[in-house]
Amino acid sequence: MHDVIELRGAGDFDAILGCDPPTFSEADAARIATDTFGVRATTARSLGSERDQTFRLAAASGEGLAIMKISNLAEDPATLDMEALGVLHANGADPTIPLALPWMVPGADPVAPGEGADGDGSRSLAIYRASVDGPAGAYFVRMYDVLPGRGRSDPIDLSDAALAAWGAMAARLARALRGFIHPKAQRRMLWDVQHTPRTRALLGDIADPGQRGAVEDVLDRFDAVVTPLWPTLRAQVVHSDLTVDNALVDEEGRITGIVDFGDMSWSAMVVDIASVIDSLASGRDGDELFRVSRLVLDGYQRLTPLEPIELAIMGELIAARSAVTIAISSWRAGRGLEDPSFAERYNASAESIIRTILGTGWDETSRRLSSEPGRTPSGSTSSSEPGSSSPTTSDTELAARRARVLGPAIEPLSYEQPIQLASADGVWMTDTDGRRYLDAYNNVPCVGHGHPRVTEAVARQARLLNTNMRYLHGAAIELAERLVASCPVGLDTVLFVNSGSEANDLAWRMATTFTGNAGGLCTARAYHGISEASAALSPESWLGGRAPAHVETWAPPDTYRGTNPDPSVFAAALDRLRARGLAPAAAILDGVLTSDGFYDPPPDYVAELVRLTHEASGLWIADEVQGGHGRTGEALWSFERFGITPDFVTLGKPMGNGHPIAAVITRREIAERFAEDTVFFSTFGGNPVSAAAGLAVLDVLDDERVLPRVQAAGEALRGGIREIASRHTAIGDVRGVGLAIGVEIVRDHVTKEPDPAATTAIKEGMRDRGVLVGTTGVAGNILKVRPPLAFTTVEVPVFLDALEGAFSGR
């Protein structure tokens, strides 16, 4: 038996596609069913098949008895055995999948593994196939269960729910086959799109020139983009042909039976879902094609999330499946293997799918199928050329759109030449042109951009359950317990919210309730949030210096200039409140004074501020949004180095590594007094997904020993900057703790006059050299160096080289 045949010089392929199917009559089929499996059928109705003969056997009442398949003479018996074994394996892995199971030949004895007659060492499953003599030789006969449902449904009639259910069934079937392997799974079946390039030899059989050209465009794209990536894709034995021809459905269009494993092969896992989409997208084009595809993908990814690379080439795989459909059907019709009207029944739809994708553009197709943010809105098309790797929207265009829809109140973009970022990993960010930047600015991804522990925790929990804290869920409780354990004794109660602004707002509400006071104190350039209460405590955003009547500020010690060295400035702020008839409800301090300029006040100074606040009947809020989660390298919380016990600890940005979660940690007595006036509830605060992110961040901080790493990197970075400062007098001071560092830029060392213009130029110069920093301080003359805590001594030379280059112009 020959496994393969030659295809017009294009190499070999599975012989089954090039051979005539059997030609038994329905009367013959009824007789064969009785002779081989003992099935006495009144009728044997042909169901049609590309290469076999398939009959539905029924009793006189019309009740289905079995499905009988008479195989093509070219079929390798070992391949048929593989199909039976694959179905049985999938059924054992997931008995709830509605599979048509093979019947055992009456009276047959199982053959032990390795003892089969097939000669390849695989287990022979001849017990699931009989044989019958025909005019051209001996044909194999197989019998399968009859399953409920109707076949060859029109995909255009499927509801949205049914489309998603098809995707889910494809994922279930792939998972059930995941552990299956067989020597015959390595086959050259052209319906498997991994062999798309081989169909180039069939182009001459496509009669319509326009159709032929569209198929050729798909083959060219496949060769250029998919073939190089193929070895990197997840692979297993797949069904490969889960289509409306090979599935039965109920009245709602949901699969009730999977009836044909004839194209099963070892291939990329994503081949299955591409085949499903190609089938279900029949009769749809334009936006509807993409909408339907996304619904099917949603169903699949509820069970098996696709990797980014798999989603990125989904458009190419769908188009390839359509191209293969046109090529193979045209070739078979041309050779007389099938009636042309039957063989080519899907060609018009396949061409429509291809033209929709080509007209949309490959990059835009990828964005639409993956629902990637920034995909072109419905009704419009991509401005990129097919095959282009450039973003469809330029930086200038996107900035203009931003200004138009987000308005003038939003903070300006960081750089004169905007950066349109595409991805990030660890401490590196990559723009849409593929340029990498060292991120020395963003504290939100605390343990690094895209940390696998955090992203997987979020994805896993999001797939499982997300709800609110009106229901019991262990993750939020465990997170609260671990936060309490990290704080001084007495801080024993946690309330979850979604952002640092909300945390500070809630702390303020609790402070005013507990104390009965209304005054607030913050540092002169502080930033604590965007809510009404937290914005009032954020002088950085007081344009024009318009201070709220209930808030006073104090200037922290300027260790560079030697000003405001003692708590008298704070005491004076308290006096100003008293003069207006206000007592303090709370004073709030960012433990690393980010917005003020990264000043590092001594512990006794901060301790005295806390004492004065308590003496005035106010409470102390330690804002750990900037300095917490190990940024100082000395402790988990920045307030700890001052030797104080605050009344509130507020957490935000780094807590979920970019996932929105925040918290207030306080004393039970304060929470009890608050509960007398209100019931606190936040719809998303403490939800299971956010809690999973928060727990993962704490785990990473422990497992990666982040704190000592932060100390080492911070010391090396400050030391390197000071060495550069010895050559460039514009650097007036280098200060900070851990990875919270301020580099003050001045006109000269004598006057110490701030130089904000030079600071901006240095920031822009570092950006041009691939390093991102910010600016801060009252005059905007301090470089803000605040990288993710994944930053190590390895990245220090990269930063220093960019800083030196920004000064020297090299």
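With an a/c value under 1.5 for the gyration tensor axes a ≥ b ≥ c computed over the alpha-carbon atoms, the stretch 215-356 is described as rounded. Calculated accessible area for the stretch 551-624 comes out at 34 Å² per residue, all protein chains present (probe 1.4 Å; ligands, DNA, RNA ignored). For the stretch 665-742, the share of alpha carbon pairs falling in successive 10 Å distance bins from zero is 14, 23, 22, 21, 15, 5, 0 percent.
Mind checking the per residue accessible area of the stretch 698-810 for me, 1.4 Å probe, whole number of Å²? With the other protein chains kept in place, the stretch 698-810 gives 38 Å² per residue.
Semi-axes of the equivalent ellipsoid for the stretch 619-681, computed as √(5λ) from the eigenvalues of its C-alpha gyration tensor and ordered from largest down, come to 23, 16, 6 Å. Counting only DSSP H runs of at least 4 residues, each contributing -39500 (n - 2.57), and dividing by the residue count of the chain, the helix-based mean residue ellipticity at 222 nm comes to -11500 deg cm²/dmol. Which of rounded, prolate or oblate describes the stretch 146-211 when judged by the alpha-carbon gyration tensor and an a/c cut-off of 1.5? Here the stretch 146-211 falls in the oblate category. Within the chain, antiparallel bridges make up roughly 80 percent of the DSSP beta bridges whose residues both belong there. So what's the angle, to the nearest 10 degrees on a 0 to 90 scale, between helix 286-301 and the longest Cα principal axis of the chain? Tilt of helix 286-301: around 80 degrees. Pairwise alpha-carbon distances in the chain exceed 36 Å for 58% of all pairs.
Once the Cα atoms are used to define both axes, helix 603-615 deviates from the longest principal axis of the chain by about 80 degrees. For the chain, relative contact order (Cα pairs under 8 Å, six or more residues apart, normalised by length) works out to 9 percent.
Packing around the peptides 413-426, 213-226, taken as the average count of other Cβ atoms within 10 Å per residue, puts them in this order, highest first: 213-226, 413-426. Magnitude of the charge dipole for the chain, about its Cα centre and with charges confined to Cβ atoms of Lys, Arg (+1) and Asp, Glu (-1), is about 1120 debye. Near Ile670, once Lys and Arg are set to +1 and Asp and Glu to -1 for all other residues with Cβ below 14 Å from its Cβ, the sum equals -2. At a probe radius of 1.4 angstrom, the accessible area of the stretch 217-288 per residue rounds to 30 square angstrom.
In the context of the full protein assembly, Val569 retains an accessible surface of approximately 40 Å², using a probe radius of 1.4 Å and ignoring ligands and nucleic acids.
Here the stretch 424-483 is described by how far its Cα atoms reach on the three principal axes: 46, 25, 16 Å, from widest to narrowest. Averaged over residues, the count of other Cβ atoms within 10 Å places the peptides 694-700, 21-27, 645-651, 448-454 in the sequence 645-651, 694-700, 448-454, 21-27, highest first. Note on the chain: Lys pairs 8 or more places apart or on different chains, Cα atoms under 21 Å apart, count 5. Per-residue accessible area (protein heavy atoms, 1.4 Å probe) orders Tyr527, Tyr144 as Tyr527, Tyr144, starting from the largest.
For the chain, the longest principal axis of the C-alpha atoms and the axis of helix 26-37 are separated by about 80°. Split the accessible area of the stretch 389-521 by element, probe 1.4 Å, and carbon with sulfur accounts for 54%. Looking at the square roots a ≥ b ≥ c of the eigenvalues of the Cα gyration tensor of the stretch 447-586, which shape do they give, rounded for a/c under 1.5, prolate if a/b is larger than b/c, or oblate? Here the stretch 447-586 falls in the prolate category.
The values are calculated or read from the model by the stated rules, or taken from the named source; none is laboratory data. Quick caveat, the model's predicted, so the values are computed rather than measured. Cβ coordinates were reconstructed from backbone atoms using ideal geometry, including for glycine residues, and neighbour counts include every protein chain displayed. Areas reflect the complete protein model, heavy atoms only, side chains present, ligands, DNA and RNA absent. Shrake-Rupley method; radii C 1.70, N 1.55, O 1.52, S 1.80 Å.
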